[in-house]
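The structure appears right after this line, and notes come after that.
The values are calculated or read from the model by the stated rules, or taken from the named source; none is laboratory data. No experiment lies behind these values; they were computed from the predicted model shown. Don't worry about glycine lacking a Cβ; one is built from the backbone with ideal geometry, like all the others, and counts go over all protein chains shown. Quick note on the areas: whole protein, heavy atoms, side chains included, nothing else; ligands and nucleic acids left out. Shrake-Rupley method; radii C 1.70, N 1.55, O 1.52, S 1.80 Å.
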Amino acid sequence: RFWTAGILALVVVLATWALLDGKPAALSSPPSVQRLTTSGDVIDAVISRDGKYAAYVRSSGGEQSLWIRQTSGASVVQLVPPAEVGYWGLAFGPDSSTIYYAVKGRPPDADPAGTLYVTSALPGPPPRRILSGIDSAVSFSPDGRRFAYYRSEAGHSGHSSLVIANIDGT
């Protein structure tokens, strides 16, 4: 088995080299690095699919808040004010107009089992609760109509599940 895997890897490398005519691929432009925050308290972040926005969680003094900014500008907007909760699992919706995030914390501010919310990527209506019992970020289907997430039941049976839900949480 070891020899078979080694021979297969060698064939893939040689075929790739032959397709490139023995020349390494050239970059069209050098990669760039851009600092998006300077606060030093960002603990989670995500960039929209189109690369135009960055959403992130700031954590300071036992409270966390949700922020967004354009990657090409300096304007920063607070989407969710600081609270004694934990925000995590940020994900832009399929069209980058919404942000999904999970919250864990003590009642009444949050649910210890984790609750998924969605909010507009621009200031607008308040965040909307989608579902409870979430232990991961969401991952969207190619058509954007469903998402998958991980659910753990460590306190009960110790089982975990991979769950698929419609975009509205049903």
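Counting only residues that are crowded, with 18+ Cβ neighbours inside 10 Å and out of contact with any Leu (no Cβ under 8 Å at 6 or more places or on another chain), how many does region 40-57 have?
2
Residue-wise test of (1) at pLDDT below 90; (2) closer than 30 Å to V33 by Cβ; (3) not hydroxyl-bearing (S, T, Y).
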| residue | (1), (2), (3) |
| --- | --- |
| V77 | no, yes, yes |
| K104 | no, no, yes |
| A110 | yes, no, yes |
| Y117 | no, no, no |
| Y149 | no, no, no |
| E153 | yes, no, yes |
| H159 | yes, no, yes |
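Please name all residue pairs, on different chains or six or more residues apart, with Cβ atoms under 9 Å, provided the first residue is in region 119-144 and is more than 16 Å from W67 (Cα to Cα) and open to solvent by 90 Å² or more (accessible area, probe 1.4 Å) and the second residue is assigned to a loop (DSSP other than H, G, I, E, B) and at pLDDT below 95.
R129/G169; P142/P94
Within region 98-146, how many residues turn out to be closer than 19 Å to A55 by Cα, out of contact with any Gly (no Cβ under 9 Å at 6 or more places or on another chain) and not basic (K, R)?
Summing the residues that are closer than 19 Å to A55 by Cα, out of contact with any Gly (no Cβ under 9 Å at 6 or more places or on another chain) and not basic (K, R) in region 98-146 gives 11.
Could you grab me the full set of residues in region 60-92 that are under 21 Å from A110 (Cα atoms), open to solvent by less than 70 Å² (accessible area, probe 1.4 Å) and in a loop (DSSP other than H, G, I, E, B)?
G62
Output the qualifying pairs, or none if there are none: Cβ atoms under 8 angstrom, residues six or more apart or on different chains, first residue in region 74-101 and within 21 Å of R151 (Cβ to Cβ) and among the acidic types (D, E), second residue assigned to a strand (DSSP E or B) and open to solvent by 40 Å² or more (accessible area, probe 1.4 Å).
Taking only residues 6 or more apart or on different chains, not a single pair turns up.
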